[in-house]
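K.L.:
Structure in structure tokens, see below.
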Amino acid sequence: MGLNLEGKKAVVAEVSAQVANAQTIVVAEYRGIEVGDLTQLRARARQSGVYLRVLRNTLARRALEGSPFSVLAGQLSGPLIYGISADPVAAAKVLNDFAKGNEKLVLKAGAYAGKALDKAAVQALASIPGREELLARLLGVMQAPVAGFAIALGALARQREAAAA
């Protein structure tokens, strides 16, 4: 059953609110995908903080109008699922990882920072480590000099003890 005008306005408003907070949008064609697989994809997206929605393309165009993601308007054809995330790589990572295991989900396009991305660019974006991993790496780099200094002090203390004995 189709949506009435009020329902369509509500959907556009909901998606527009998500787009306003987004850094990345990834679009994939889901033709022929089974319901169970789609449910798994939605669960993965939820865990990663990705807003995932199947939309009519006309409603998506309206929601993207006037946003930095309006560059996607020319790519919106066919049965599409939209991944929208505030994390720059989360949407690309979720949809790309799922597409690797399910050939019926085909990455089509994306947008990041006002620039349209093709399939290869979306895959490249998905290969970038996520925010949590980057923060962990940064913490490791910051701790390394302190740890090295502590080890050097310990070695110096052992040398003095050995020389005194």
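K.L.:
Just to be sure, is Lys119 touching a residue at least 24 places away in the same chain (Cβ under 8 Å), in the same structural domain as Asp37 (by TED's automatic domain parsing) and among the charged types (D, E, K, R)? Walk me through how you get there before you give the answer.
P.N.:
On the way: touching a residue at least 24 places away in the same chain (Cβ under 8 Å): no; in the same structural domain as Asp37 (by TED's automatic domain parsing): yes; among the charged types (D, E, K, R): yes.
Judged against the criteria, Lys119 is not a match.
K.L.:
Shifting gears a bit: Restricted to the range 20-70, and to residues that are among the β-branched types (Val, Ile, Thr) and within 13 Å of the chain's Cα centre (by Cα), which residue is farthest from Ala113 (Cα to Cα)?
P.N.:
Initially, the range 20-70 is screened for residues among the β-branched types (Val, Ile, Thr), giving 24-27, 33, 35, 39, 50, 54, 58.
Cutting the leftovers down to within 13 Å of the chain's Cα centre (by Cα) gives us 24-27, 50.
Working: Thr24: 7, Ile25: 10, Val26: 12, Val27: 15, Val50: 17 Å.
Filtering the range 20-70 for residues that are among the β-branched types (Val, Ile, Thr) and within 13 Å of the chain's Cα centre (by Cα), the one farthest from Ala113 (Cα to Cα) comes out as Val50.
K.L.:
A further question on this structure: Looking only at the range 71-82, count how many residues are over 15 Å from Asp118 (Cα atoms), among the small types (Gly, Ala, Ser) and outside any loop (DSSP other than H, G, I, E, B).
P.N.:
0
Residues checked against (1) touching an Asp or Glu at 6+ places or on another chain (Cβ under 8 Å); (2) of a type in the set (D, E, K, R); (3) in a helix (DSSP H, G or I):
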| position | (1), (2), (3) |
| --- | --- |
| Ala109 | yes, no, no |
| Pro129 | no, no, no |
| Ala136 | no, no, yes |
| Gly140 | no, no, yes |
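K.L.:
Conditions first: (1) surrounded by 13 or more Cβ atoms within 10 Å (Cβ to Cβ); (2) not assigned by TED's automatic domain parsing to the domain that holds Val12. Tyr82 passes all but one, so which condition is the exception?
P.N.:
(2)
K.L.:
If you take the residues in the range 53-68 that are in contact with a helix residue (DSSP H, G or I) (Cβ under 6 Å, 6 or more places away or on another chain) and not in a loop (DSSP other than H, G, I, E, B), which one is surrounded by the fewest Cβ atoms within 10 Å (Cβ to Cβ)? Don't jump to the end; show me each part of the working.
P.N.:
As a first pass, look at the range 53-68 and keep what is in contact with a helix residue (DSSP H, G or I) (Cβ under 6 Å, 6 or more places away or on another chain): 59, 61-64, 67.
When the remaining residues are screened for being not in a loop (DSSP other than H, G, I, E, B), the result is 59, 61-64.
On the way: Leu59: 18, Arg61: 16, Arg62: 18, Ala63: 25, Leu64: 22.
The residue in question is Arg61.
The values are calculated or read from the model by the stated rules, or taken from the named source; none is laboratory data. None of these values were measured; they are calculated from a predicted model. Cβ: placed from backbone, ideal geometry, glycine included. Neighbour counts: every protein chain shown.
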